[in-house]
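Below is one structure; the comments refer to it alone.
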Amino acid sequence: MVILYTGDGKGKTTAALGLALRAVGRGMKVLMIQFIKEEGSSGEHFSSARLHPEFELIATGKGFVGMTGDTHPFEEHKKAAEEGLELARERMLSGEYDVVILDEVCNAVNLGLLKLEDVVELIDAKPDKVHLVLTGRDANKELIDRADLVTEMRKVKHPFEKGRWARIGIDI
Ligand code: ATP
Ligand code: MG
């Protein structure tokens, strides 16, 4: 299966992590590669160690791109994302994993860190036995077309609108 979680509502990464938890319970081996997010920036980077080696999480990013506090040149973000995709490709083809999750991959494409065609190529190279999960806002039509299951998280309400920033354990 190719599964895609997109939309402007909260829950895309959380859904992918929930899927990972379920798959591990069934004896499956799961790899999550995160784009944009940097190591240690979210709770799952610490809980993943507890599910090791059945669950592996690698955050390949350098943090928010082009926002206040971003000290990295665009090229550095791009290089990190490209290396992340290459790693994902190698691991997906290794035969070692049942589920491979590319978290925030749609955002990496939308920000111009990854070429859409490279992500499409990776999907097309997916071995039959591997389930591939993609997440991120504003998924391109090409990705939607290739997915077997697409869920769009739609924002009904988010506390961000009332000026509430990310809460530890809930958002990060
Ligand atoms: P989560 O990681 O909580 O499942 P997500 O993967 O659906 O969220 P992203 O677009 O990856 O959402 O953004 C990650 C961060 O942005 C999280 O801290 C999340 O709470 C927050 N967020 C998600 N949706 C919204 C929204 N509509 N408005 C403001 N912040 C949001
Ligand atoms: Mg997310």
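Here are the numbers:
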quantity	calculated
Number of the exception - Val100 against (1) under 19 Å from Ile3 (Cβ atoms); (2) in a helix (DSSP H, G or I)	(2)
Residue match in the stretch 122-132 (condition: surrounded by fewer than 22 Cβ atoms within 10 Å (Cβ to Cβ), at positive phi and of a type in the set (D, E, K, R))	no
Whichever residue in the stretch 10-47 is more than 14 Å from ligand 1 (Cβ to nearest atom) and either farther than 18 Å from Val130 by Cα or assigned to a loop (DSSP other than H, G, I, E, B) (or both) and, among such residues, is nearest to the chain's Cα centre (by Cα)	Glu39
Members of the stretch 138-148 found to be closer than 12 Å to Asn110 by Cβ and either of a type in the set (S, T, N, Q) or in contact with a helix residue (DSSP H, G or I) (Cβ under 6 Å, 6 or more places away or on another chain) (or both), listed by number	Asp138, Ala139, Asn140
Any hit, the stretch 55-66, residues being surrounded by 15 or more Cβ atoms within 10 Å (Cβ to Cβ), within 17 Å of Ala139 (Cβ to Cβ) and within 13 Å of ligand 2 (Cβ to nearest atom)	no
Top-ranked residue of the stretch 119-160 - restricted to ones that are of a type in the set (Val, Ile, Thr) and in a loop (DSSP other than H, G, I, E, B), ranked as nearest to the chain's Cα centre (by Cα)	Val130
Evaluation of Ala108 against (1) among the hydrophobic types (A, V, I, L, M, F, W, C); (2) closer than 19 Å to Leu19 by Cα; (3) buried (at least 17 other Cβ atoms within 10 Å of the Cβ) (one fails), failing number	(2)
Flag if Arg164 is over 16 Å from the mean Cα position of the chain (by Cα) and free of Cβ contacts under 8 Å to residues at least 12 places away in the same chain	yes
One residue from His45, His72 being surrounded by 15 or more Cβ atoms within 10 Å (Cβ to Cβ), free of Cβ contacts under 8 Å to residues at least 60 places away in the same chain and touching a strand residue (DSSP E or B) at 6+ places or on another chain (Cβ under 9 Å)	His45
Test for Val150: is it buried (at least 16 other Cβ atoms within 10 Å of the Cβ) and either among the polar types (S, T, N, Q) or farther than 25 Å from Glu38 by Cα (or both)	yes
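Readers should treat all values here as calculations from the given coordinates under stated rules, not as data from a laboratory. Remember, it's a predicted structure, so these values are computed and weren't measured experimentally. Using ideal geometry, Cβ is built from the backbone for each residue, glycine included, and neighbour counts are taken over all protein chains shown.
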